[in-house]
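The block underneath contains the structure these notes are about, expressed in structure tokens.
The values are calculated or read from the model by the stated rules, or taken from the named source; none is laboratory data. Remember, predicted model here, so these are calculated numbers, not experimental data. Cβ coordinates were reconstructed from backbone atoms using ideal geometry, including for glycine residues, and neighbour counts include every protein chain displayed.
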Amino acid sequence: MRHVFVESNWVFACCAPRHLRSPFAEQLLQKARAGELTLHLPAICLREGGDAIRKKCQPRVPEEMSDFLTAARQQGSLSQENAHTVTQALNLYRATVRRELQSLNDTLDSIRTAPGVEAFALSEPMLERAIQLRADGPGGLKPFDEAILAAILVRARALREHHASDTDFGLAFCTRDGDLQPWTREGLPREPLFSLYEREGVGVYGDFSAVAGSS
């Protein structure tokens, strides 16, 4: 079976208001629920992903939009009926997003407890590896990213050892976080990040579609 690591960006892509979700991120979750793969998510990513959703996904409609609709209607460039339709759409947008944000904790919990999803806490070996990465790992990583990288590397090794006899075993990491991707903008390997993943047998992908769309 394939084991796929995901991080906070996947949480955002699965749990944001529906119009902002990634169909490929949701497809990964569907495959996990169907038993086609196992998703491994550092539990701290649920908090970071949730915070990002609350911060970035608040319904924002410029106040001048109402003034524009009123002026356009008075000038005759927008009919009363069309102005009413636009107002209804904006009100629906606000109400829908607010309702989904109010239920965000339930949405996050449904991800955490979903079949095929293993949301794991950071262990002592992972924290020790994070400290080691600070000394000799990739430069410029934020402490949170160091913790995520350490968690993935330590858990990847444990999974490989546990599934040593499984001929269908495979490891992947889907991340949109450029700081955790082992290549430059030109597509060249970034060391030592590239070798760290390679040593643990983890294939890294910059989007969800590469794994979600594979059989």
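Within segment 96-121, residues that are under 15 Å from Arg33 (Cβ atoms) and assigned by TED's automatic domain parsing to the domain that holds Arg21 have Cβ atoms under 9 Å from residues that are of a type in the set (Asp, Glu) and at pLDDT 95 or above in these pairs: Thr107/Glu100; Gly116/Glu36, counting only partners at least 6 apart in sequence or on another chain. Of the helices (runs of 4 or more DSSP H) lying entirely inside segment 26-114, those carrying at least 2 residues that are within 30 Å of Arg2 (Cα to Cα) are 44-56, 104-112. Each residue in segment 161-198 was checked for being assigned to a helix (DSSP H, G or I), under 20 Å from Leu41 (Cα atoms) and of a type outside the set (A, V, I, L, M), and 6 of them qualify.
Can you pull out every residue in segment 85-117 that is of a type outside the set (A, V, I, L, M) and touching a helix residue (DSSP H, G or I) at 6+ places or on another chain (Cβ under 9 Å)? First the steps, then the outcome.
To start, the set of residues in segment 85-117 that are of a type outside the set (A, V, I, L, M) comprises 85, 87-88, 91, 93-94, 96, 98-100, 102-103, 105-107, 109-110, 112-113, 115-116.
Thr87, Tyr93, Thr96, Glu100, Asn105, Thr107, Asp109, Ser110, Arg112, Pro115, Gly116 - these are the residues of segment 85-117 that are of a type outside the set (A, V, I, L, M) and touching a helix residue (DSSP H, G or I) at 6+ places or on another chain (Cβ under 9 Å).
Listed here are the residues, each with its yes/no results for (1) buried (at least 17 other Cβ atoms within 10 Å of the Cβ); (2) within 18 Å of the chain's Cα centre (by Cα); (3) in the same structural domain as Leu37 (by TED's automatic domain parsing).
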position: Leu149; (1), (2), (3): yes, yes, yes
position: Leu159; (1), (2), (3): yes, no, yes
position: Gly187; (1), (2), (3): no, no, yes
position: Glu191; (1), (2), (3): no, no, yes
position: Asp207; (1), (2), (3): no, yes, yes
